[in-house]
Amino acid sequence: MIILVLALAIGILIGIFIPVSIPQDYSSYVAVGLLAALDSIFGALKSNLKGDFKIDIFISGFVGNTLIAMLFAYLGDKLGIPLYQAAVVAFGVRIFQNFGEMRRVLLLKNKSFAKGENKDD
């Protein structure tokens with residue numbers, strides 16, 4: 001978990017101090033790809049809290065979701081249909097679901113800890 005937080009902090013610092021300019025033509029692809037990547041990260045955090053995180057599932061989901069989302073945005077542009085909106089809605093809903101589950105797991109762990117229950121005993 002510490003490695004994930006450290007990697008996130010390093011990524012944020014790199015993003016702040018090394019700005020990257022993305023051409024307007026590719027901005028919707030990158031935005032949808034980032035949203036898909038965030039969905040995978042939130043899913044990994046949720047799995048880690050539940051104790052069933054698997055790195056191979058995370059990596060395949062991270063790469064696969066990102067590529068599929070960007071492909072949908074590209075195909076939508078070619079067809080003249082805003083398909084990126086479907087990806088935005090789908091990944092947005094999943095991010096909020098994952099966050100809600102993470103919140104519930106953390107609250108339940110804190111309640112059991114406060115009551116003196118410890119699963120490690």
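For this structure, a couple of remarks:
- Counting only residues that are in contact with a Ser or Thr (Cβ under 6 Å, 6 or more places away or on another chain) and closer than 26 Å to Tyr29 by Cβ, segment 47-79 holds 4 of them.
This table checks each residue for (1) at pLDDT 90 or above; (2) farther than 26 Å from Asn65 by Cα.
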site: Asp77; (1), (2): yes, no
site: Gly80; (1), (2): yes, no
site: Tyr84; (1), (2): no, no
site: Val93; (1), (2): yes, no
site: Gly100; (1), (2): yes, no
site: Arg103; (1), (2): yes, no
site: Asn110; (1), (2): no, yes
site: Phe113; (1), (2): no, yes
site: Asp121; (1), (2): no, yes
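- Residue selected from segment 53-82 under the condition farther than 21 Å from Leu8 by Cβ and surrounded by 18 or more Cβ atoms within 10 Å (Cβ to Cβ), by the criterion farthest from the chain's Cα centre (by Cα): Gly76
- When segment 88-107 is filtered for residues that are over 13 Å from Leu38 (Cα atoms) and charged (D, E, K, R), the ones remaining, listed by number, are Glu101, Arg103, Arg104.
- Whenever a residue of segment 30-54 is free of Cβ contacts under 8 Å to residues at least 12 places away in the same chain, its partners that are hydroxyl-bearing (Ser, Thr, Tyr), lying with C-beta atoms within less than 7 angstrom and at least six residues away or across chains, give the pairs Phe53/Ser47.
- Just one of the listed residues (Ser112, Ser28) is over 19 Å from Ile3 (Cβ atoms) and out of contact with any Phe, Trp or Tyr (no Cβ under 7 Å at 6 or more places or on another chain), and it is Ser112.
- For segment 86-104, a residue qualifies if it is under 13 Å from Phe42 (Cβ atoms) and surrounded by fewer than 16 Cβ atoms within 10 Å (Cβ to Cβ), and the qualifying residues are Gly92, Val93, Phe96, Gln97, Phe99, Gly100, Arg103.
- With respect to the conditions (1) over 27 Å from Phe72 (Cβ atoms); (2) surrounded by 10 or more Cβ atoms within 10 Å (Cβ to Cβ), Lys46 falls short on a single one, namely (1).
- Which numbered condition Asp25 misses (of (1) surrounded by fewer than 18 Cβ atoms within 10 Å (Cβ to Cβ); (2) at pLDDT 90 or above; (3) more than 21 Å from Gly100 (Cβ to Cβ)): (2)
- Among the residues making up segment 28-52, those that are under 27 Å from Leu108 (Cβ atoms) and under 14 Å from the mean Cα position of the chain (by Cα) are Leu38, Asp39, Ser40, Ile41, Phe42, Gly43, Ala44, Leu45, Lys46, Ser47, Asn48.
The values are calculated or read from the model by the stated rules, or taken from the named source; none is laboratory data. No experiment lies behind these values; they were computed from the predicted model shown. All Cβ positions, even for glycine, are placed from backbone atoms using ideal geometry, and neighbour counts span all protein chains on display.
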